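Q: Let me begin by handing over the structure; questions about it come next.
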Amino acid sequence: MKHDQLIALDAIVSTGTFRGAAERLHKSQSAISHTIRQLEDQLELELFSREAYRPVLTPAGEVFYREASRVLRQMQGLRTTAARLRAREEPELTIAVSATMDLDLLLPPLAETGRRYPATHLRLRMEMMGGPIARLLEGKADIAVASLDGVPLETVEAAPVGEVTIRPVASSDLDLPATCRALAASEVQGHVQVVTADSGGAAHEQSRDLLAGGLKWTVSDLAAKKKVILAGLGWGGLPDHMTDQERRSGVLLPLNLEGFPLRRTTLFKMRRRDQAIGVVAEELWNRIGGLAPS
């Protein structure tokens, strides 16, 4: 029994097909089939029933796969341990963070890590929507902090660090109906909805909380979005920590809109499972613990 055989088994179960496993492992489908056939011959067990269109684990295969998954996790843990033992202080460390996060919560861990490792150049990237995970998977960030939307958990290790609340708001000058009831889409369709451009690519473009049939402006970041809304040029969702003062003073009004609910999102710290871990990255990872919700 070889490690690459267990990896092939896991890939088939994870993707659901021999073809999907081949694509994930960058091998031919015939090579994957041959690897599994060799494993079955060695074990004298049939791991997959091939009667259906997609391969299905046999009862024996299910038991074996559970144990194989445990072994693979242990192997990954050993690799991580070895990487930590080899690691030296990195010359540069990049953290990609969702722009919806209250940065004040992240500054203390960054400051302490910077003090302990002054020779390491820390790079902080504020990204929109799918940006943090895109940078992590591209190898352009060592740590990401964002929601788990679209995150491949088989590739990424994640742990919760806090929560952010996104609330639709508008300037008191926007002339929306003053009412406690939920506003219908037709009552705000004549006003511009301000949205932010995604920094993660087309696959992460905003698709939820968009008012159907309404006017829309797109801006580059949340600071620009807030300024446009404060100027009375439109309405949109902003993190509570960015609008606390304005909502208390009445400059910005929280909106009760049908189809645009108050959205609370858990943020996670993330790092790639297959990426070597340096001492500075490990330090920062451990310091980004349970951050207070915004």
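Q: Quick one: if you stick a label point 7 Å off each Cα along the C-beta vector at Arg54 and Thr165, how many nm between them?
A: In this crude spin-label approximation the distance works out to 4.0 nm.
Q: Considering only DSSP beta bridges with both partners in the chain, what is the antiparallel share in %, to the nearest 5?
A: Given both bridge residues lie in the chain, the antiparallel proportion sits at roughly 60 percent.
Q: Any chance you could list P(r) for region 164-264, counting all Cα-Cα pairs in 5 angstrom bins from zero, rounded to whole %?
A: Whole-percent P(r) values from 0 Å outward: 2, 13, 25, 28, 21, 8, 2, 1.
Q: Using 0.36 nm per residue of separation minus the Cα-Cα distance, give me the extension gain between His34 and Leu153 in nm, one decimal. Walk me through the numbers before you get to the answer.
A: Values: separation 119, 0.36 × 119 = 42.84 nm, distance 2.75 nm.
Gain in length upon complete extension: 40.1 nm.
Q: Find the Cα radius of gyration of region 3-86, compare it with 2.2 N^0.38 Å by division, and give the number to two decimals.
A: Cα Rg divided by the expected 2.2 N^0.38 Å: 1.15.
Q: Just to be sure I understand: of the beta bridges DSSP finds with both ends in region 164-264, what percent are antiparallel, rounded to 5?
A: About 60 percent, rounded to the nearest 5.
Q: Write out the trypsin sites (Lys or Arg not before Pro) in region 5-53 meeting two conditions: DSSP loop, and at most 15 other Cβ atoms within 10 Å of their Cβ.
A: Arg50
Q: With each run of n ≥ 4 DSSP H residues scored as -39500 (n - 2.57), what mean residue ellipticity at 222 nm is computed for the chain after dividing by its residue count and rounding to the nearest 500 deg cm²/dmol? Please list the in-between numbers first.
A: Values: 10 runs with 113 residues, N = 294.
Calculated mean residue ellipticity at 222 nm is -11500 deg cm²/dmol.
Q: On average, how much area does the Cα convex hull of the chain cover when viewed from any direction, in nm²?
A: Here the figure is 19.6 nm², rounded to one decimal.
Q: On to the next question. Just to verify a number: FRET efficiency for Arg273 and Arg125, C-beta to C-beta distance, R0 = 22 Å, to 0.05?
A: Computed FRET efficiency for Arg273 and Arg125: 0.55.
Q: Label Glu187 and Ala111 with points 7 Å out from Cα along Cα→Cβ: what is the distance between them in nm?
A: 4.4 nm
Q: Apply the Karplus curve 6.51 cos²θ - 1.76 cosθ + 1.60, θ = phi - 60°, to the phi angles in region 212-229 and return the couplings in whole Hz, x for Gly and Pro.
A: 5, x, x, 6, 9, 10, 10, 10, 7, 7, 6, 5, 5, 4, 4, 5, 5, 5
Q: Here's another thing I want to ask about it. At 0.36 nm per residue, and after removing the present C-alpha to C-alpha distance, how many nm does the segment from Ala224 to Leu45 gain when stretched out fully? Mind showing how you got there, number by number?
A: Numbers: separation 179, 0.36 × 179 = 64.44 nm, distance 6.13 nm.
Length gained, Ala224 through Leu45: 58.3 nm.
Q: Moving on. Would you mind pulling out the separation of the Cα centroids of region 244-259 and region 1-52, in Å?
A: Result: 55 Å between the Cα centres.
Q: Cut-off 10 angstrom, C-alpha nodes, Gaussian network model of the chain. Which of Glu258, Glu157, Glu283 fluctuates the most?
A: Answer for the Gaussian network model of the chain: Glu258.
Q: If we count every other residue with Cβ under 11 angstrom of Arg37's Cβ, Lys/Arg +1 and Asp/Glu -1, where does the sum land?
A: Overall, the nearby charge balance is -2.
Read-outs: derived from the displayed coordinates by stated rules, not from any lab. If you're wondering where the values come from, they're calculated on a predicted model, not measured in any experiment. Please note: Cβ atoms are built from the backbone with ideal geometry, for glycine as well, and neighbour counts cover all protein chains shown.
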